[in-house]
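Take a look at the structure below.
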2 protein chains.
Amino acid sequence: MRVLILGGDGYLGWPTAMHFAAHGNEVVVVDNGAKRQWEQEVGGTPLWDVPTLQRRVRTWNSMRQTQIKMRFGDITNYHFLCDKVFGPFKPEVIVHYAEQPSAPYSMGGIREAAYTQFNNVIGTLNVIGAMQKYAPDAHLIKLGTMGEYGTPNIDIEEGWLELEHNGRRDRVLYPKRAGSWYHQSKVHDSHNIEFACRVWGLRATDLNQGVVYGIDTEETASHPELRTSFHYDAVFGTVINRFCVQAVAGVPLTVYGKGGQTRGYLNIKDTLRCVELAAKNPAEPGEFRVFNQFTEQFSVLQLAEMVKAAAHLFIQVSIAHVENPRVEAEDHYYNAKNTSLLSLGLKPHLLTKGVLAKMIEKIQRDKRLIDTEIIHPKVRWKMEK
Amino acid sequence: MRVLILGGDGYLGWPTAMHFAAHGNEVVVVDNGAKRQWEQEVGGTPLWDVPTLQRRVRTWNSMRQTQIKMRFGDITNYHFLCDKVFGPFKPEVIVHYAEQPSAPYSMGGIREAAYTQFNNVIGTLNVIGAMQKYAPDAHLIKLGTMGEYGTPNIDIEEGWLELEHNGRRDRVLYPKRAGSWYHQSKVHDSHNIEFACRVWGLRATDLNQGVVYGIDTEETASHPELRTSFHYDAVFGTVINRFCVQAVAGVPLTVYGKGGQTRGYLNIKDTLRCVELAAKNPAEPGEFRVFNQFTEQFSVLQLAEMVKAAAHLFIQVSIAHVENPRVEAEDHYYNAKNTSLLSLGLKPHLLTKGVLAKMIEKIQRDKRLIDTEIIHPKVRWKMEK
């Protein structure tokens, strides 16, 4: 398959690109380097230096038969997307990660909010436009987030909801109530993509992904220069990765508020597998399909306890409840469905003590690289008075 | 009250500004003149020339005691909005019309889609940001549209839906499924505004307005230089206004497809009254309130028959079913609630034969101004193959 990876320099984009190439697909990666600029802005670089995308592509191509091609540019520029990417490549599968991915970043101020929504919504609209023009039969695999749903008091279904109201029935888009400007941008994307499927017959799978954790995939582990970024800072770090780093650094695991916030989680290896399963089983023309892409549900406090238990083999760890910088329920109903990917054959990598211990061990070898100053949250959701 | 009207040069913005001023409120209007630029772009100017906003403000101020102030600028420019508008004026009520308002315009291409969503979503985000900074207790009255809901097979409630699912209950945002990039932009706005209310305690009323018709309000009729724009072209003209012009021009009333498309409608005089009622009965801090702002439901074919019957007093009118340029159901369930504004005291101006006859009569006096070339739809919803 001709697979286009948008956001190919990122935590998930780069491993996804290698995964598809390793399985014999023709892969083009696109990135504009924006994420590394945002890292500078918030002072939160990955734990391990990440070689430039050019260098990683060169390293890959020197080792493997199936080559990866790269185009540097910004998908909010429609001409770039058409003339340099879709026109020449005519992708069959588009995996779209090219979004500003941080809730705290988007809550930094109205500039960051507007930038995030501009970047994500307009970028995705351009992808839809380029598909219509150059690849109307291609399959869009869009990375959404479980955070789009918020924490409703009813079961979370996979993107659609069958409901009865005043004696009549309909199948509607699942009502979403996201908790940050970033999460809202993904809700907007989902609505736009559903419309494009409905009106233009495009095919799309919206992967409402849980929180990803992990350091390595098969391909990143195959050569030191092929690693992917590993963030542990308050802006771009995801919670399990951050807790593992805090454990190693000897600082308390910072649980926001009570820690009852429950979410879906998955291993980075399962991200690749889910995207692959979606690509191999495409949506029908005109179909807007939503998969909830996570393998397990945990509360934040549970995760802290699990990391503490796993780290305990090496080090003493404490847990601190800090003031929650977010506006969110800390104690709520949460029951999200995730059967679609399992029924396509996903075999989850579960979050065991062994998995956590391995992460902690690997981080411990480079303990000196940890900058504890970037872990504590500085962005607050509440209005400044 | 200090009332800020965003989009004060428009069909509804200008009459709203005068209405608030006539009732003794301090009014500032903001506009960037973009609508008149879009009119040039699509070649669809209003039936009657509309004096510049400056000139209309001068005329108003020369006649009336309560003066209107004007600021020329673009609300997608956050610095303009803060430094020239919110900072100096500190509004108590913000009536936000400053959006690209045409579904066909937004469907003209991906450039127009992206422009519409950028203009509307980022503009509204900036308004939210400026409120947070300068007027956190102000009441945002945002013009949304009934088109956000689409045509669900269940009753359309006012913005929120009480539902039961798998034995549990919740109150959720009403699931929307809009039918154009423009309508989608308003769905995005609604989500963003609800989030701002939830997280920052802002107060907002989202007016999901039906299709507006009519030529005059009390104030526009009080002096020829105070008139508002009256569009009848395929891009900016609303259906009743367009049918009246077609009747006068002696061309068939163009019903798209079967004409079973049912929507909510209201007289422009009721728009002003609804906005006034919302302003006088503000939402609570943190409340995101949605009113469905229409007074009657009609199918397109019903409207054509009504215009034909009313015009029959003067002229012979025919009805033509043309190929529907839109992708939409032409025969569907439609039952939308609109009790909130009625319970606040709205006394609807209904669409009687007399009202239509009066519109037709007024248009007939200036029949020579009609350009029939701009009435036929050129923008198609379907993908170009």
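Derivation of every value follows stated rules applied to the coordinates shown; laboratory data play no part. Here the structure is a predicted model, which is why all the values come from computation and not from measurement. So basically every Cβ, Gly included, is an ideal-geometry build from the backbone, and we count neighbours across all protein chains shown.
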Practice prompt. For the stretch B:116-190 and the stretch A:1-36, compute the distance between their C-alpha centroids and round to whole Å.
Written response: 34
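When averaged across all projection directions, what area in nm² does the alpha-carbon convex hull of the stretch A:122-206 cover?
Directional mean of the projected Cα hull area for the stretch A:122-206 stands at 6.3 nm².
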Practice prompt. Give the cross-link partners of A:K258 among the aspartates and glutamates, using a straight C-alpha distance below 14 Å as the criterion and excluding same-chain residues fewer than 8 apart.
Written response: A:E305, A:E323, A:E328, A:E330, A:D331
Worksheet item: Going highest first, how would you order A:101-111, A:117-127 by mean Cβ packing within 10 Å?
Response: A:117-127, A:101-111
Worksheet, complete the sentence: Residue by residue through the stretch B:6-18, the couplings from Karplus 6.51 cos²θ - 1.76 cosθ + 1.60 with θ = phi - 60°, in Hz, x for Gly and Pro, are 8, x, x, 8, x, 3, 9, x, 5, x, 5, 4, 5
Item to complete: Could you sort A:94-100, B:192-198 so that the peptide with the highest average Cβ count within 10 Å comes first and the rest follow in order?
Response: A:94-100, B:192-198
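Run the helix sum for chain B: -39,500 (n - 2.57) per DSSP H stretch of 4+ residues, divided by residue count, reported at 222 nm to the nearest 500 deg cm²/dmol. Display every interim value, and only then the final one.
On the way: 12 runs with 128 residues, N = 385.
Estimated from H runs of four or more residues: -10000 deg cm²/dmol.
Which of rounded, prolate, oblate describes the stretch A:238-285, given a ≥ b ≥ c as roots of the alpha-carbon gyration tensor eigenvalues and a/c under 1.5 marking rounded, otherwise prolate only if a/b is larger than b/c?
Note, shape of the stretch A:238-285 comes out oblate.
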Response to the item:
If labels are modelled 7 Å from Cα along the Cβ direction, A:K280 lies from its partners in the other copies at nm distances, smallest first, of 6.6
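Counting partner chain Cβ atoms within 10 Å of every residue's Cβ in B:324-334, what's the average? Could the numbers behind the result be given before it?
Values: counts 0, 0, 1, 5, 1, 0, 0, 0, 0, 2, 0.
Mean shielding by partner chains, rounded to a whole number: 1.
Write down, largest first, the equivalent ellipsoid semi-axes of the stretch A:1-54 in whole Å, where each equals the square root of 5 times an eigenvalue of the alpha-carbon gyration tensor.
24, 11, 7
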Item to complete: Report the antiparallel proportion of the DSSP beta bridges in chain A as a percent, rounded to a multiple of 5.
Response: 20
Worksheet, complete the sentence: Taking every residue of B:126-133, the Cβ atoms of other protein chains inside 10 Å of its Cβ average out to 3
Worksheet entry | Translational D in µm²/s for the stretch B:1-119 (Stokes-Einstein at 20 °C, 1.002 mPa s, Kirkwood Rh from C-alpha pairs) | 142
Practice prompt. Using only alpha carbon pairs under 8 Å that are at least six residues apart, calculate the relative contact order of chain B and give it in whole percent.
Written response: 19
Fill in: Teacher prompt: B:I315 distances to equivalent labels in other copies, 7 Å Cα→Cβ, nm
8.3
Fill in: Teacher prompt: A:K353 distances to equivalent labels in other copies, 7 Å Cα→Cβ, nm
8.6
Fill in: Inter-probe distance in nm under a simple model that places probes 7 Å from Cα toward Cβ, at A:I315 and A:H79
5.1
Worksheet item: Rounded to the nearest 5, what % of the DSSP beta bridges within the protein assembly as shown are antiparallel ones?
Response: 20
Worksheet item: Roughly how crowded by other chains is peptide A:199-209, in terms of the mean Cβ count from those chains within 10 Å of each of its Cβ atoms?
Response: 2
Worksheet item: Which of the peptides A:57-66, B:174-183 is most tightly packed, and how do the rest follow, judged by the mean count of other Cβ atoms within 10 Å per residue?
Response: B:174-183, A:57-66
Worksheet item: How big is the equivalent ellipsoid of the stretch B:93-138 along its three axes, where each semi-axis is √(5λ) from the Cα gyration tensor, reported in whole Å from largest to smallest?
Response: 27, 10, 4
Worksheet entry | Order of A:H188, B:H79, B:H312 - criterion: other Cβ atoms within 10 Å of each residue's Cβ, fewest first | B:H79, B:H312, A:H188
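Throw me the Rg/Rh for chain A, computed over C-alpha atoms with Kirkwood Rh, two decimals.
0.95
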Worksheet item: Kirkwood hydrodynamic radius of the protein assembly as shown from all distinct Cα pairs, in Å?
Response: 27.5
